[in-house]
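Presented below is the structure to which this report refers.
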Amino acid sequence: MADILLSEAEKTFILHGVRDNVRNDGRSCSEFRPIELELGLVENANGSARVRLANTDVLVAVKCEIDNPPSNFPDEGKLDFFVDCSANATPQFEGKGGEQLAVELAALMSRAYQTRESFNLSTLSIIKGMKCWKLCIDVLILECGGSLIDAISMGTKAALADTKIPKVSVIGSDEGTLELELADEADGREEPLDWHHAPCLVTLNKLEDSLLVDASAEEEACCAAALIVGVSPNKKITTTSIPGHGSFLADSKIFARALNLAVDVGVKLNTALEAAIKKHQTLKPPPRGFLD
Amino acid sequence: MEVTDVNIRLACDRICLPAVSENEVQKLFTPGEDIPTCAGFMRGHGTYTEGEDLKASVAGVKEQVNKLISIKPLKSRYNGEIGDVVVGRVVEVQQKRWKIDTNARLESVLLLSSVNLPGGELRRRSSEDEKMMRKYLQEGDLISAEVMNVYQDGALSLHTRSLKYGKLSQGVLVKVFPSLIMRRKNHFHSLPNGAAVILGNNGFVWICPASGLEHQEDSGSAGGFIQDLEKEVPKADREVIARLKNCILALANSKMMLYDTSIIYAYEESMKFTVTELLLPDVMVDVANLTQHRLHLDIAE
């Protein structure tokens, strides 16, 4: 992510502020900036969501494909994550600049969804051992302003909530080949996924002895270490990651404190996200889109 | 640590800007649009001729002075004029000068001969001074300076030859569009709530505790390069600074002009919200509306 130049005095100001629990914009250390959510923007995808977190803007789309199930789990489907850092976000992402970050983010998301508790892959199976659904989750980063993985995880959960998979039935087999038929309009063409246990990832930045939730770009430039924790709604941790060069070993208690804080924040985030998604699904508003 | 509830809004609840509108809406020209002209016109900035027609090359409003027609763009990089006060960040230390980022098309230049040496001596800069340059100003430092000269290619030459200019100490930098900063006689304001504000013409606004600016004037003999990093800013001052930052961003969001009166009114109108509430878009529009209303009442009197 972009490097920001800060003077020593500015960094000192931020540091003292964090100690007093009053950040540069008046937030406390565990407050998020305002988040905006919209579902169903991409019409030709099976499900989509857009999340705006201050100046971080992420668009997630889910597309379904029929594929062969993995040989070691024949009665399960697949989840495939792909992250695209567009050059719109920062000039550093031009060409191959954003590739490393994209690969890291995709790997992190795959790990967060690895456990069967967060997303039950067996619901994606069509015919055991032969055909299954593969959900291709594509993330497009439009603008990059801190808390990137938080926005991506929220967008993924919301997009999965918006996804509707076509109902498929098997009609006979002609000499070994199977024929699949999509259900009629009358029977109910599509069914939703069970997204309620999907995790939300929370980034915690460590600045001396304090932990910051949703750090702005200036605050990130002052922090040495960060901890990313994937938290599911039932308070379980699905994955952790420590990106960058910093370490949490300086003080033995701070790592435990960080994990506890991340779980608390993650649960609150999951609750708020579920409420917003339910509100969207009941209101069914017309798409607002990108232009104001 | 107590965790506050997260607030997630839906896009359908988004408030459309601008809620602040003038009585007469000026005609906006988009690039490529024809400009109605008179005979014998002269072409100014932001326009080009295609055949016989005069067209706009930037998005903006038309400015006409007698026969000179030009388009003033709504959003552009900072174009410096001599005498402007700017706030800039040092990006490079070169042989006899510093390169400063002032949100202009080219990096501005601060020559070694244009700064006050610590000790306030007036002497010829020696080679030792050149080697000590990094001790005065490093990459990342923020300074307030005045535009001394504009080179032919458009780059600005700055100077800090007065006691009120120099390196900036603890505080917060806010970036807004340069066109929103009103040109005034004084750009250094000490507000009644205990904070001081420097409105740089280039769109960089510096907010710091009032003691910060006074300190700079007291240590005048040092030429404004000494910083007190040990001193901790008290919590009350910090909240004032955070509130001011959010008010300035609220005014800038609604494209209102920034000057001392508008900032003071916005601060007073924002007192009915908490500092974190000022981050919500509907509250920002609310504050801008109330400030606009109060400014209109002022003009009406």
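The values are calculated or read from the model by the stated rules, or taken from the named source; none is laboratory data. A quick note: this is a predicted structure, and the numbers were derived from the prediction, not measured. Cβ: placed from backbone, ideal geometry, glycine included. Neighbour counts: every protein chain shown. These area figures cover heavy atoms from the full protein model, side chains too; ligands, DNA and RNA do not enter into them. Shrake-Rupley method; radii C 1.70, N 1.55, O 1.52, S 1.80 Å.
Quick rundown of the values:
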read-out: Antiparallel %, DSSP beta bridges [both residues in the protein assembly as shown], to 5; value: 85 percent
read-out: Accessible area (Å², 1.4 Å probe, nearest 10) - A:ILE254; value: 0 Å²
read-out: Theoretical gain in end-to-end length, A:ASP80 to A:GLU65 [0.36 nm per residue, Cα-Cα removed]; value: 4.3 nm
read-out: Cα shape, chain B, gyration tensor, a/c 1.5 rule; value: oblate
read-out: The range B:89-212, accessible surface, carbon-and-sulfur percent (1.4 angstrom probe); value: 48 percent
read-out: Peptide B:90-103, shielding by other chains (average Cβ, 10 Å cutoff); value: 0
read-out: Total accessible area lost when A and B pair, probe 1.4 Å, Å² to nearest 100; value: 4100 Å²
read-out: Cβ-derived FRET efficiency at R0 35 Å, B:GLN138 paired with B:LEU68, nearest 0.05; value: 0.20
read-out: Förster radius 22 Å - calculated FRET efficiency between B:THR274 and A:HIS196, Cβ distance, rounded to 0.05; value: 0.10
read-out: Loop GluC sites (Glu not before Pro), the range A:186-292, which have at most 15 other Cβ atoms in a 10 Å radius of their Cβ (DSSP); value: A:GLU208
read-out: DSSP loop trypsin sites (Lys or Arg not before Pro) with at most 12 other Cβ within 10 Å: longest gap in chain A; value: A:129-234
read-out: Value at 222 nm in deg cm²/dmol, rounded to 500, when DSSP H runs of n ≥ 4 in chain A each add -39,500 (n - 2.57); value: -9000 deg cm²/dmol
read-out: Expected 222 nm ellipticity per residue - DSSP helices of 4 or more, -39500 (n - 2.57), all of chain B, to 500; value: -7000 deg cm²/dmol
read-out: Separation between Cα centres of the range A:16-79 and the range A:80-123, rounded to whole Å; value: 11 Å
read-out: For the range A:8-283, radius of gyration divided by Kirkwood radius, i.e. Rg to Rh on alpha-carbons; value: 1.03
read-out: Using a Förster distance of 51 Å, the FRET efficiency for A:ILE237-B:THR261 (Cβ separation, nearest 0.05); value: 0.45
read-out: Cα Rg, Dmax, the protein assembly as shown, angstrom units; value: 28.0, 99
read-out: When each of A:LYS128/A:LYS278; B:LYS231/B:LYS272; A:LYS11/B:LYS272; A:LYS206/A:LYS235; B:LYS75/B:LYS235; A:LYS206/A:LYS236 is checked by Cα-Cα distance, pairs over 24 Å; value: A:LYS128/A:LYS278; B:LYS231/B:LYS272; A:LYS11/B:LYS272; B:LYS75/B:LYS235
read-out: Point-to-point label distance, B:LYS96-A:SER247, nm (Cα→Cβ direction, 7 Å offset); value: 4.8 nm
read-out: Å² per residue, accessible surface of the range A:241-292 at 1.4 Å; value: 61 Å²
read-out: Per-residue mean of C-beta atoms belonging to partner chains within 10 Å, peptide B:233-244; value: 4
read-out: GluC sites (Glu not before Pro) restricted to the range A:35-81 and DSSP loop, no more than 16 other C-beta within 10 Å; value: A:GLU43
